[in-house]
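Some notes on the structure that comes next.
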Amino acid sequence: MEIEILSRETIRPTTPTPPHLRWHRLCALDQLAPQMTVHLVLFYPINGGDKSPPANREAVLKTSLSRLLTSFYPLAGRLRREGPPPNGTASVECTDEGVPFTVARADIELESVLQDDERYIKHYDHLVPRDRSQTDFGDPLLHLQLTHFSCASSSLGICLSHQVADGSSWALLLKAWSASARFGTISPQLTPRFTAASIFPPVNPPPPVIVLPSHRKLHPRRFLIGARALERLRSERTVRGARRPTRFEAAAGAVWRSARRAREGLTNLCLIVGLRPRLTPPVRPDVVGNMWVTTATTTEEGIGEAVSGIDREYARRVIAGEVRVEGHEEGGSSLVFSGVAGYGFYEADFGWGRPRRLGFANHDAGELAMFVGTASGEGVEVWVWLEEEVMVRFEKDPEIIGLVSLVGNSSCM
């Protein structure tokens, strides 16, 4: 897949940020978050409902983004350190420097990319505008790339700093941006609130940042566990006398069993757990920031128990350094599981229909399984990153093969 860069531009807010909003304080959980960028790709076929030329999509995205950044003003700023390292507290200076926006062209039809995961999934990094995962002070917090395929379909590559936003915040950004594109404005429910620091005030000196391990090149694969397969997994656990598991717990248990068989010495399952619904009162989805903590278990049955123990007190202990999830250092014995199935990434309709597929690129920060909702709303899409020899064994594991066979080829939606 050859990519030709057509243009690069910086999109700034339509309205300047008021002086009293110059600085955005990171919350304590932002301070803990790894300095990495998450790379998401949304694929839009030409038959998604819009027949206009690709240039029209470009104009709509840029104009609506400029309006959007008036509300999401920190994303047009830059991360700064207030005070000398290592103890200086990080904040976002809302300078309106803007968001880099790249337009590119691919020499291939979108259908070919989506129908051949094994060949093209490792090239998704060409569809995002950053070639590295690390975020440095002074870097833009958000990068975007619109890529036109030879069939006039498009992809939208989104790179967002994890230090200022979690999965819920990414979903809010996409929903608000697509609303701005379709309606010219965003509703109060989609208007962001940058109040996370009032819930978890920043600490000084800041807590130790989560340092993700560096690995040899990780190989991505995408698996679809359909609704029928999920129901079978949930029923099997119930028959054995256990509490009926959630969809995530059922899918995570199957992936965990197969991963342990594929990777010798894998003993800990590190779970990324969202805090928003677990706090009292619950944190609204329009609050932008990191609202998650990590916990660990060693057994499939322990997944539900580990998640149920997460609350504000647990978060306080994490911030205070009283809880550390061990085993995720380089060469460690943990596999990280993250679930974003309920965030609604597939709702991002900019006026030419919802995305047919989403994908992730440039993950190089440790072995990971990401659980995502499907476009149809049924089943679970699982993205897995493992080292090559481990992935070969994982793909051949009988349980994984059996789950995927219930819905056909894993590349199909």
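The values are calculated or read from the model by the stated rules, or taken from the named source; none is laboratory data. Since the model is a prediction, treat every value here as computed from it, not as a measurement. When we count neighbours, we look across all protein chains shown, and the Cβ atoms used for this are built from the backbone with ideal geometry, even at glycine. These accessible areas exclude ligands, DNA and RNA; they are computed on the full protein's heavy atoms, side chains included. Shrake-Rupley method; radii C 1.70, N 1.55, O 1.52, S 1.80 Å.
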Taking first residues from region 280-298 that are without any contact (Cβ under 8 Å) to a residue 12 or more places away in the chain and second residues anywhere that are surrounded by fewer than 20 Cβ atoms within 10 Å (Cβ to Cβ) and of a type in the set (A, V, I, L, M, F, W, C), the pairs with Cβ under 7 Å that are 6 or more apart or on different chains are none
Any helices (runs of 4 or more DSSP H) falling wholly within region 90-196 and containing at least 2 residues that are among the basic types (Lys, Arg) and surrounded by fewer than 15 Cβ atoms within 10 Å (Cβ to Cβ): none
One residue is enough: does region 274-297 have a residue meeting the conditions open to solvent by less than 30 Å² (accessible area, probe 1.4 Å), at pLDDT below 90 and assigned to a loop (DSSP other than H, G, I, E, B)? no
Looking at region 63-79, which of its residues are touching a Lys or Arg at 6+ places or on another chain (Cβ under 7 Å) and in contact (Cβ under 8 Å) with a residue 60 or more places away in the chain? Ala76
Tell me whether region 251-271 contains one or more residues that are on the phi > 0 side of the Ramachandran plot and either open to solvent by 40 Å² or more (accessible area, probe 1.4 Å) or at pLDDT below 85 (or both). yes
Hey, Ser161 hits all of (1) closer than 22 Å to Val60 by Cα; (2) in contact with a strand residue (DSSP E or B) (Cβ under 8 Å, 6 or more places away or on another chain) but one; which does it fall short on? (1)
Counting only strands (runs of 3 or more DSSP E) wholly inside region 334-402, the ones holding at least 1 residues that are among the polar types (S, T, N, Q) are 334-339
What is the residue count in region 18-37 for residues that are in a helix (DSSP H, G or I) and buried (at least 19 other Cβ atoms within 10 Å of the Cβ)? 5
